Amino acid sequence: MTNLQIKNLTAKYEDKIIFENFNCNFDDGKVTVLLGGSGTGKTTLLSVIANTIKYEGEIQGVGEVSYVFQSERLIPTISIYKNLDLVIKRFYKDKKEREAQIVKILNDLEIEECKNQLPTEISGGQAKRVSLARAFLYPSQTLLMDEPFSSLDIALKSRICKVFDKLESESPKTVLYVTHSIDEALLLGDRILVIDGRPAQIVADVRIEAPRNERDISDENLGEERKQLLSALVKS
């Protein structure tokens, strides 16, 4: 599969130019984290790739897209199981195959007991995990994540980050992950881009060689990368 490529992107809201002749390539099967202040264009970039807003320029190598939003966007009147089954029904006709996939990922995310409940009957943390399950069940090449864990407490966020790494390792997707958290970026990112300016541009490009499953946020080996990101964010 061709790398996801953005060529000469121009995007605006009304008279505000967000991107102008912006270019960037994203590595296949890797997690690229987008950092930057509010209003710098991170979510706009996801919307462009998802083709939900108008833009000028060329986007290549996207393929099928799945999206983890800040809000879970689950259908409130049907069970968690049916929410997930609805997503993959057109791709997998065999009911038992779909059931096996759904049960496995719910077990991986420690929410198998929620499968027959309605979205209104589960906690916010459980709903976040359901949205993650939905994104990985969908047979996409590109996964867009917009601050998906922002409302979770530190302990739960840490556990879900580990599960995310496991899912991504088992079923690699090209991931673009928006967050304001340097800790999340350092734990999950293979590459971290800091975006700033108007029009937006990349002001820092940091790659992390250590495997995600071997990282610890207190690891001194990530100290240099943290300094680079902090420096770029302070200047932005």
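A few remarks follow.
- Cα centroid of segment 14-65 to Cα centroid of segment 89-147, whole Å: 26
- Heavy-atom accessible area for Lys104, with the other protein chains in place and a 1.4 Å probe, reaches approximately 100 Å².
- In degrees, nearest ten, helix 124-137 long axis to first principal axis of the chain (Cα): 90
- Per residue, the solvent-accessible area of segment 182-236 (1.4 Å probe, heavy atoms of protein chains only, all protein chains present) comes to 55 Å².
- Principal-axis analysis of the Cα atoms of the chain puts helix 95-108 at an angle of about 60° to the longest axis.
- Accessible-area composition of the chain, carbon plus sulfur, in percent [1.4 Å probe]: 47
- Between Ser151 and Val234, the modelled label-to-label distance comes to 3.4 nm, taking each label 7 Å out from Cα in the direction of the beta carbon.
- Student exercise, segment 1-152 dipole from Lys, Arg, Asp, Glu Cβ charges, in Debye to nearest 20: 360
- Using a Förster distance of 41 Å, the FRET efficiency for Asn23-Arg159 (Cβ separation, nearest 0.05): 0.65
- Label corresponding to semi-axes √(5λ) of the Cα gyration tensor in Å when calculated from the structure given, among [x] 30, 22, 16; [y] 25, 23, 18; [z] 40, 22, 12: [x]
The values are calculated or read from the model by the stated rules, or taken from the named source; none is laboratory data. Being a predicted model, the structure only gives us computed values, none of them experimental. Ideal geometry is used to build each Cβ from the backbone, glycine not excepted, and the neighbour counts take in all protein chains shown. Heads up: the accessible areas ignore ligands, DNA and RNA and are worked out on the full protein's heavy atoms, side chains in. Shrake-Rupley method; radii C 1.70, N 1.55, O 1.52, S 1.80 Å.
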